[in-house]
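Peer 1: Can you keep this structure in mind? I'll have questions shortly.
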Amino acid sequence: MTFWRSLFVAASLLAAPISLAHAQTPQTVKANNVVLVHGAWADGSSWSEVIPMLQAAGLHVTAVQNPLSSLADSVEATRRVLAEQDGPTVLVAHSWGGTVISQVGTDPKVTGLVYIAARAPDAAEDFVALSKQFPTGPARAGIVERDGFTKLSEDAFLNYFANGVKPEQAKELYAVQWPTAASIFAGRTTEAAWHTKPSWYAVSKNDGTINPDFERFLAKRMNATTIELDAGHLSLVSHPKEVANLILEAAGYPRS
């Protein structure tokens with residue numbers, strides 16, 4: 001083998017791993033739509049601060065009215081909304097809603113997943129057992145159960161679930177909190193879309209519902225693009241611009 005041929009072969013071998021690594025890097029696909037999934041003890045109005053910012057950027061936005069009666073019901077409600085979307089769609093979830101988008105996000109329309117202080121279970125994972133490896137948030141001491149459905153007490157909601165939200169706004173959110181089936185927290189997914197879809201995560205550093213270190217663990221496990229906010233659990237209400245900008249990034253749009 002000539003000197004120049006040897007040099008060419010060596011250079012080709014060195015270049016191959018670099019080329020392969022580049023090919024495996026997920027690229028942000030520009031989305032037309034955003035579908036928002038709320039979590040436990042909330043309804044679609046919890047996204048009301050974020051929605052106008054996304055619409056102003058030109059995105060078609062839909063907030064799922066998550067029934068919170070079972071994991072299966074919530075997944076089906078989200079799938080119905082996703083089926084109505086025309087083209088690439090980013091799925092966004094807050095809190096328990098992360099369980100739903102982890103299941104539904106394998107749909108071919110979904111180009112990215114955004115988790116806002118959210119659960120992110122692996123397939124068939126006992127998420128309750130996993131969460132017990134981290135301190136329990138004080139909001140959970142205020143869970144009140146009746147006939148199989150739960151709500152948060154006013155004290156727990158205002159001081160630990162909606163901490164950082166303006167008091168009058170927190171009281172409005174408390175008034176519309178949706179009853180949540182106690183059984184949904186132990187529900188297990190059969191899919192974990194974050195294994196195959198690009199993911200983004202917003203950690204709430206002052207979260208009184210999900211431990212912030214648990215959120216960091218989940219974000220790292222997903223290899224998610226991560227930001228940290230000086231916010232309580234309802235960062236989508238108290239820090240809507242930062243949350244909207246993260247969603248815009250996931251959708252391939254410039255930040256507002």
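Peer 1: Hey, among the residues in the stretch 77-98 that are under 17 Å from residue 43 (Cβ atoms) and part of a helix (DSSP H, G or I), which one's farthest from the chain's Cα centre (by Cα)?
Peer 2: Kept after step one, since they are under 17 Å from residue 43 (Cβ atoms), are these residues of the stretch 77-98: 77-78, 80-81, 92-98.
Adding the requirement that they be part of a helix (DSSP H, G or I) leaves 77-78, 80-81, 97-98.
Working: 77: 16, 78: 13, 80: 18, 81: 17, 97: 7, 98: 5 Å.
Only one residue tops the list, namely 80.
Peer 1: Quick check on the stretch 217-256: of everything there that is assigned to a helix (DSSP H, G or I) and hydroxyl-bearing (Ser, Thr, Tyr), which residue is nearest to residue 28 (Cα to Cα)? Show your work before the answer.
Peer 2: So the first thing to find is which residues in the stretch 217-256 are assigned to a helix (DSSP H, G or I), and the list is 217-222, 235-238, 240-250.
Still in the running and hydroxyl-bearing (Ser, Thr, Tyr): 235, 238.
Details: 235: 24, 238: 27 Å.
Here the answer is 235.
Per-residue answers, yes or no, for (1) among the β-branched types (Val, Ile, Thr); (2) open to solvent by 30 Å² or more (accessible area, probe 1.4 Å):
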| position | (1), (2) |
| --- | --- |
| 57 | no, yes |
| 66 | no, no |
| 71 | no, no |
| 74 | no, no |
| 79 | no, yes |
| 100 | yes, no |
| 105 | no, no |
| 112 | no, no |
| 118 | no, no |
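Peer 1: For residue 236, state whether it is in contact with a His (Cβ under 7 Å, 6 or more places away or on another chain) and either surrounded by 18 or more Cβ atoms within 10 Å (Cβ to Cβ) or modelled with pLDDT under 95 (or both). If you could, list the steps in order and put the result at the bottom.
Peer 2: Numbers: in contact with a His (Cβ under 7 Å, 6 or more places away or on another chain): yes; either surrounded by 18 or more Cβ atoms within 10 Å (Cβ to Cβ) or modelled with pLDDT under 95 (or both): yes.
The answer is yes for residue 236.
Peer 1: Same structure, new question: Among the numbered criteria (1) of a type in the set (Val, Ile, Thr); (2) touching a Lys or Arg at 6+ places or on another chain (Cβ under 7 Å); (3) surrounded by fewer than 18 Cβ atoms within 10 Å (Cβ to Cβ), which single criterion is violated by residue 176?
Peer 2: For residue 176, the failing item is (2).
Peer 1: Have a look at 181, 186 and point out the one that is crowded, with 18+ Cβ neighbours inside 10 Å and either on the phi < 0 side of the Ramachandran plot or modelled with pLDDT under 95 (or both). Full working, then the answer.
Peer 2: Values: 186 fails: crowded, with 18+ Cβ neighbours inside 10 Å.
Within the list 181, 186, the selection yields 181.
Peer 1: Looking at this structure, is residue 173 under 17 Å from the mean Cα position of the chain (by Cα) and in a helix (DSSP H, G or I)?
Peer 2: Working: under 17 Å from the mean Cα position of the chain (by Cα): no; in a helix (DSSP H, G or I): yes.
For residue 173, the condition - under 17 Å from the mean Cα position of the chain (by Cα) and in a helix (DSSP H, G or I) - is not met.
Peer 1: Please go through the stretch 99-132 and give me each residue that is closer than 26 Å to residue 30 by Cβ, part of a helix (DSSP H, G or I) and either at pLDDT below 95 or of a type outside the set (Val, Ile, Thr) (or both), ordered by number.
Peer 2: 102, 103
The values are calculated or read from the model by the stated rules, or taken from the named source; none is laboratory data. No experiment lies behind these values; they were computed from the predicted model shown. Cβ sites come from the backbone with ideal geometry, for glycine too, and all protein chains shown count toward neighbours. Quick note on the areas: whole protein, heavy atoms, side chains included, nothing else; ligands and nucleic acids left out. Shrake-Rupley method; radii C 1.70, N 1.55, O 1.52, S 1.80 Å.
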